[in-house]
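Note sheet for the following structure.
Nothing in this text is a laboratory measurement; each read-out follows from the coordinates by a stated rule. It should be emphasised that the depicted structure is a prediction, and the values quoted were computed from it without experimental measurement. Ideal geometry is used to build each Cβ from the backbone, glycine not excepted, and the neighbour counts take in all protein chains shown.
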Amino acid sequence: MFGFVDETTIEVASGNGGKGAVSFRREKYVPKGGPDGGDGGRGGDALFVVRRNLKTLSHLRSQRIFRAGDGQPGAKRNRHGRDGEGIVVPVPPGTVIREATTGALIKDLGDERQEWLFLQGGRGGKGNAHFKTSTHRTPRFSQPGEPGTAVQVRVEIHIIADVGLVGYPNAGKSTLLSVLTNATPKTGDYPFTTLTPNLGVLRSSDRELVIADIPGIIEGASHGAGLGLEFLKHIARTTVLAYLIDLSAENYLEAFPVLRKELASYSRELEMKERLLVGTKLDLPETSERLAELGRAFPDERVVAVSALTHQGLADLISELLGYGR
């Protein structure tokens, strides 16, 4: 997978609070000094922090346990124990945190630069100095620190893009992405060249669009066939889906209904997103006639065509895509 990791399970734990101290003043000329046990320190907090320089979760594969430091015990002379050091879990934009066993959503971190407090450290216990009363002048007990909390979570990335390119394997998505943007995805004339989602940025004057090339979808992808199911979640945040139709393929008229059915099976929300049909490989023989037939077959859809090789139709496609910008 070329190092691309979009889902993993980790354990995150906040620190335990330190124990309060039991101590009494023992100074010269003060034979019956009172209690002076200090409080324990607070356990460290556990936080998630969104960092834009991260693109995958591969760094979480090498470190599966993130544990904050424990608070230190209190000491004599009312000295407070040191607080435990917090732990930070760095994640890329678009990260979703779920409960590991049930999959229930805990937090969607989105794409903003944010720091989210996930687990608070345990409070430190009070030292015996707190428990002196008029009737109990020598308390020989203190509070234990509160325990921290440990939770197993599933961390997922949902890639954030304005436009998602979907289509059969070898429909020309990676080649088109490289022409439209600054991305340099692997391309080739065989299925499943793209094994990981690729991102590129389309820039036009003062406008920018992030475009995601999602690995090829085949019939049955929503039920786990091919690579489709593994990556369909990455188009959940897109504004518009560009369905790429290989006009040189014999089954070009079947592609759009099958792709739409697979998306609907995975998520009704995906099927209802704004969409654009993009005929590809317009430079090849008979594709102009097939483009006209594609338009007649789906009269309610917006249809454009392009050749990534000759750049024919590229300006029209860019204009269409910029019209969907956020």
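Of note:
- Against the rule of thumb 2.2 N^0.38 Å, how large the Cα Rg of the stretch 66-159 comes out: 1.58
- Label selected from (i) 8; (ii) 39; (iii) 18, the criterion being percent of Cα pairs over 37 Å apart as computed here: (ii)
- For q = 0.27 Å⁻¹, Debye-computed log10 I/I(0) when each Cα of the stretch 20-60 counts as one equal scatterer: -0.96
- In order along the stretch 56-61, phi translates into HN-Hα couplings of 9, 9, 4, 5, 7, 6 Hz, rounded to whole numbers, per the Karplus curve 6.51 cos²θ - 1.76 cosθ + 1.60 with θ = phi - 60° and x for Gly and Pro.
- Within the stretch 1-157, antiparallel bridges make up roughly 75 percent of the DSSP beta bridges whose residues both belong there.
- Ranking Val96, His234, Ala150 by Cα position along the charge dipole of the chain, where only Lys, Arg, Asp and Glu carry charges on their C-beta atoms, puts Ala150 farthest toward the positive end.
- A simple rule links phi to the HN-Hα coupling: the Karplus curve 6.51 cos²θ - 1.76 cosθ + 1.60 with θ = phi - 60°, which for the stretch 92-102 gives x, x, x, 7, 10, 10, 10, 5, 5, 8, 8 Hz, with x for Gly and Pro.
- Partner aspartates and glutamates for Lys261 [C-alpha distance under 14 Å; skip if fewer than 8 residues away on the same chain]: Glu219, Glu269, Glu271
- Cross-link partners of Lys19 among lysines (Cα-Cα below 19 Å; sequence separation of 8 or more within a chain): Lys76, Lys126, Lys132
- Cα-Cα over 25 Å, subset of Lys55/Lys107; Lys55/Lys173; Lys55/Lys281: Lys55/Lys281
- Simple Cβ-charge dipole of the chain, Lys/Arg +1 and Asp/Glu -1, about Cα centre, in debye nearest 20: 3260
- Each of Ala297 and Ser58 was given a label point 7 Å from its Cα along the Cα-to-Cβ line. The distance between the two points is 3.9 nm.
- Point-to-point label distance, Thr9-Leu322, nm (Cα→Cβ direction, 7 Å offset): 4.8
- Convex hull per residue volume in Å³, alpha carbons only, for the stretch 1-157: 130
- Placed amide H near Arg275: partners under 5 Å, 5+ positions off or other chain: Leu241
- Most mobile listed residue (Ala255, Ala292, Ala305) in the chain, GNM with C-alpha springs under 10 Å: Ala292
- Considering helices alone, the calculated mean residue ellipticity of the chain at 222 nm is -4500 deg cm²/dmol, with DSSP H runs of length four and up weighted by -39500 (n - 2.57) and normalised per residue.
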